[in-house]
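Please find one structure pasted underneath; my questions will follow.
Derivation of every value follows stated rules applied to the coordinates shown; laboratory data play no part. Everything numeric in this text was worked out from a predicted model, so none of it was measured. Here Cβ is always computed from backbone atoms with ideal geometry, including for glycine, and neighbour counts include all displayed protein chains.
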Amino acid sequence: MSGPGDGASVEMPAWRRTTGVLAGLTAAAATVGSVQLLTGTFTPPVSDLRPLGLDSWALPGLALAASVAVPCAATAVLSWRRSRWMGPAAIGAGSLLAVELMVQLPFVGRDPLQGVMAVVAASLVGIGWSSARRSGMTGRPAPS
């Protein structure tokens, strides 16, 4: 009988690989966005932030990193490591991404990218919920 530690190749399920790629790409995009906001590169006008009393995009850049880049990176790592905690991490990452999108709307308006990212957020939550059910982490019996 072969196991993961004895040199035998264990195929990763396609849904887990997809989750890892989706979360990893989202983490990378959020990291780039955070750096752009922190450095003032390709940012919306600072006047968009005046109602909040902010005079730079630094705080929103840090918030983007904390609420999207880090949770999505953690989800990607947990996916690639085949961790049973990937499901709850994906639910959290998708939920935080959805909150980030809702917070952005009053300040930067609607943009097609937000629609794409809303689909990503919903996908992460859906895949995360399914994964959590498969691993028996939702309090419901795992499907047989």
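Compute the angle between helix 70-80 and the longest alpha-carbon principal axis of the chain, please, reported from 0 to 90 degrees and rounded to the nearest 10.
For helix 70-80, the angle is close to 20 degrees.
Show me the ranking of peptides 31-39, 126-134 by mean Cβ neighbours inside 10 Å, starting with the highest. Write out the running numbers ahead of the final one.
Details: 31-39: 17.1, 126-134: 19.1.
Going by the mean number of other Cβ atoms within 10 Å, highest first, we get 126-134, 31-39.
Next up: Determine by what factor the alpha-carbon radius of gyration of the chain differs from 2.2 N^0.38 Å, reporting the quotient.
On the way: Rg = 17.8 Å, N = 144, 2.2 N^0.38 = 14.5 Å.
Compared with the compact-globule rule of thumb, the chain sits at 1.23.
Taking the beta-carbon count within 10 Å as an exposure proxy, list Met137, Met117, Met86, Met12 from fewest neighbours to most. Kindly include the intermediate steps, with their values, before the conclusion.
Numbers: Met137 17, Met117 20, Met86 27, Met12 13.
Sorted ascending by nearby Cβ count, the order is Met12, Met137, Met117, Met86.
In whole Hz, what ³J(HN,Hα) sequence does segment 119-127 give by Karplus (6.51, -1.76, 1.60; θ = phi - 60°), x for Gly and Pro?
5, 4, 4, 4, 5, 4, 5, x, 5
Right, here's the next one. Where the centroid of each part is defined by its Cα atoms, how far is segment 18-50 from segment 92-136 in Å?
If you average the Cα positions of each part, the centres end up 15 Å apart.
Let me ask something additional. Evaluate the distance, in nm, between pseudo-label points positioned 7 Å from the Cα of Arg133 and of Leu59 along their respective Cα→Cβ axes.
With each label point 7 Å from Cα toward Cβ, the separation is 4.1 nm.
Taking the beta-carbon count within 10 Å as an exposure proxy, list Leu105, Leu59, Leu64 from fewest neighbours to most. All intermediate terms of the calculation are to be shown ahead of the outcome.
Numbers: Leu105 11, Leu59 14, Leu64 25.
The fewest-first ordering by Cβ neighbours comes to Leu105, Leu59, Leu64.
Where nothing but the Cβ of Lys and Arg (+1) and of Asp and Glu (-1) is charged, how large is the charge dipole of segment 14-134 around its Cα centre, in debye to the nearest 20? Can you show the working numbers first?
Working: 9 positive and 4 negative charges, 162 e Å.
For this selection, approximately 780 debye.
Now for a different question. Out of Pro51, Ser79, Val21, whose Cα points farthest toward the positive end of the dipole of the chain (charges: +1 Lys, Arg; -1 Asp, Glu; placed on Cβ)?
Ser79
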